[in-house]
1. Can you list the lysines whose alpha carbon is less than 27 Å from that of K361, not counting same-chain residues fewer than 8 positions off?
2. Give the accessible area for I226 in Å² (nearest 10); use a 1.4 Å probe, count only protein heavy atoms, and leave out ligands, DNA and RNA.
3. Please list, in order along the stretch 600-611, the HN-Hα scalar couplings obtained from phi with the Karplus expression 6.51 cos²θ - 1.76 cosθ + 1.60 (θ = phi - 60°), rounded to whole Hz, x for Gly and Pro.
4. Under the classification rounded if a/c is under 1.5, otherwise prolate if a/b is larger than b/c and oblate if not, where does the stretch 29-150 fall, given a ≥ b ≥ c as square roots of the Cα gyration tensor eigenvalues?
5. Residues with amide H under 5 Å of I298's amide H, sequence separation 5 or more or different chain, H placed in the peptide plane at 1.01 Å from N; which?
6. How would the stretch 561-623 be classified by its alpha-carbon gyration tensor: rounded, prolate or oblate, with rounded meaning a/c under 1.5 and the a/b versus b/c comparison settling the rest?
7. What is the stretch 79-183 by shape, rounded, prolate or oblate, if you read a ≥ b ≥ c off the alpha carbon gyration tensor as root eigenvalues and call it rounded for a/c under 1.5, prolate for a/b larger than b/c, and oblate otherwise?
8. Please work out how much accessible surface I259 shows to a 1.4 Å probe, ignoring ligands, DNA and RNA, in Å² rounded to 10.
Amino acid sequence: MPSLRPMRTSSRLPSRFRRRRPRRCGTRTSKRSISTVAKHLILDVNSVVDLWLNTGSAASSEALFAAAQSGRARLWVAATSLATLDSVARQAFKRRGLKPEDAAAVVSRLMTLLLQCVSVLTTHGFEQAELYARARDFEDAQIAAAARSLGGQAVCIVTEDRRFDAVDEVTCRTPAQALQWLQEEDRLATERDAPIPFIDLSKQQALLRPQLERNLESVLRHGQYILGPEVRELEERLAAYTGARHCVTAASGTDALLISLMALGVGPGDEVITTPFTFVATVEVIVLVGATPVFVDIEPETCNLDARLLEAKITDNTKAIMPVSLYGQPAEMDAINAIAARHGNIPVIEDAAQSFGAEYKGRKSGALSMIGCTSFFPSKPLGGYGDGGAIFTSDDAIAQACREIRVHGQSARYVHGRVGIGGRMDSLQCAVVLANLERFDQDIALRQAVAARYHGLLSAEGSAQVSSAGAAPRGAGTREHAVESRSASPSDQQGSRAEAAPAGTGASPGSSGALFAEDPLASFDRPYRLLPWPAQDRTSVFAQYSLLVQDRDAMQAKLKAAGIPTAVHYPMPMNQQPAYAHHCCPECTPIAAAVSRHIMSLPMHPHLSVAEQERIARVLADR
């Protein structure tokens with residue numbers, strides 16, 4: 001970095017700028033970077049110029065940059081401010097005695113460094129007429145309007161102008177006030193009546209705004225809305241991520257499953273073995289191709305298909321096995337694959353709609369069997385802003401069949417060698433998923449940190465501390481704990497699934513155990529029971545954080561009254577659903593039936609705060 005000393009001016013190149021470098025996608029992130037930004041600061045021109053000149057509130061402004069680097073805030077400038085900033089800064093440096101060419105060189109370097117440290121907010125053309133009619137100062141109003149893209153977030157404009165025209169939409173603070181705001185505890189999440197979102201896509205969108213705008217604008221410019229370059233790029237990157245030879249995107253996770261069954265030639269008279277404890281799409285596609293679903297009960301510890309019960313369900317008509325990796329954790333895939341191999345290499349299709357990004361014995365979910373399928377529904381760990389899905393396989397023939405089936409069975413233009421569907425994922429959705437992929441590994445780490453915090457807060461010891469002291473148990477609620485525990489079982493909590501509750505034994509106080517013959521919670525002296533932490537040979541991406549609740553209706557009502565949403569994944573096994581009950585007697589899967597009566601999911605997303613989780617834990621512990 002060129003030194004500015006020879007210019008003999010008081011202009012300042014902040015140390016934060018000198019150290020900061022753009023982070024490349026896919027590089028290893030530090031513990032400090034694995035955090036969730038709670039507050040967003042939009043910098044006015046005067047606050048940046050004062051920093052560069054080391055005048056006015058420069059010290060407070062530099063502290064804001066330090067806070068952003070530590071992950072406590074996100075800094076922005078409005079695109080409409082950049083030309084003004086360049087011009088005002090040049091004039092200011094010339095007034096300090098720099099020659100015009102030297103002032104231009106200094107400002108050029110400072111602008112380059114600034115754009116490595118902040119993100120840029122766009123002001124949209126369609127808003128300009130309305131904005132002009134409302135504004136006292138049109139230039140100020142442009143900055144305020146740019147903040148609309150961060151809707152729902154904690155946002156302020158950082159300015160020294162006490163008459164700044166924020167068109168009554170955004171709070172303005174001086175740099176010193178903004179710094180104080182960052183240092184304040186976020187009280188909103190601890191207020192009893194403040195609602196907590198079940199998932200929070202607005203926080204994700206704010207973090208990804210520049211990448212989203214770039215990717216979506218690229219599609220609008222090239223106009224290849226169907227099977228455009230974003231589709232090919234996403235398929236290549238996801239195949240590399242999983243280790244599968246092929247990735248074939250599809251219009252939805254449901255279509256991915258359907259296309260896979262069609263590629264295998266599954267049809268009338270065939271049977272497909274699966275779990276009854278899943279979203280309806282898993283079973284729906286089996287029936288749509290004319291096959292019969294055969295249900296195998298679930299493990300009480302993971303709620304995934306119990307591989308020990310699988311072999312007894314295989315017949316001469318079994319044409320595929322479709323385990324579901326529920327709640328973000330892979331099923332016992334090696335055992336399932338081994339059984340399938342012993343019976344003539346029955347194809348195994350992993351329904352990884354909730355588990356993409358998780359690992360099983362060092363391998364990625366989606367690439368654990370002949371075929372893997374996932375979903376990019378917005379609430380999924382890797383989601384789009386609409387429907388989308390993908391198929392993974394290392395079998396060339398299956399991949400080719402899937403590619404043809406998703407375009408109506410077409411092998412060449414207007415040549416249809418097989419029956420297909422209109423199952424393509426469009427370029428716009430691929431563009432969104434590509435943006436989300438930029439920080440997917442960070443999001444997984446944050447999800448695992450949130451789950452570890454829940455586990456600590458809701459364990460028998462942790463809930464007692466929360467109930468009595470009104471705070472998180474020691475270590476469970478801190479940022480450091482959240483980062484350190486994101487990829488391992490909490491050492492002082494429940495341990496691995498194998499240690500906590502081996503099948504066929506009793507249950508420890510914080511695990512699900514195998515006491516499911518009649519009522520899984522009959523012997524409990526607490527209102528809820530945790531599912532065990534994932535076993536040491538696998539990870540979970542925690543698409544949901546679910547637990548078993550004694551009186552679910554009462555617990556949901558209590559949480560709702562406190563502004564805490566819940567969900568039930570799932571309230572009824574598929575073999576009890578009216579459309580599918582005739583395929584299997586409800587009594588055939590007693591564990592799935594018992595779990596469905598008591599399962600409940602808590603708010604879960606990468607940006608759930610410590611304060612919000614403590615509040616949830618207090619309400620759960622309050623009798």
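The values are calculated or read from the model by the stated rules, or taken from the named source; none is laboratory data. Bear in mind that the values here come from a model prediction, so they are computed numbers and not experimental data. Cβ atoms come from the backbone with ideal geometry, glycine included; neighbour counts cover every protein chain shown. Just so you know, the surface numbers come from the protein's heavy atoms only, side chains and all, with ligands and any DNA or RNA stripped out. Shrake-Rupley method; radii C 1.70, N 1.55, O 1.52, S 1.80 Å.
1. K31, K313, K319, K380
2. 90
3. Coupling constants for the stretch 600-611: 8, 10, 9, x, 8, 6, x, 10, 5, 7, 4, 4 Hz.
4. Working: a/c = 2.01, a/b = 1.04, b/c = 1.93.
Oblate.
5. D306, I591, A592
6. On the way: a/c = 3.65, a/b = 2.69, b/c = 1.36.
Here the stretch 561-623 falls in the prolate category.
7. Values: a/c = 1.90, a/b = 1.53, b/c = 1.24.
The shape class here is prolate.
8. 0
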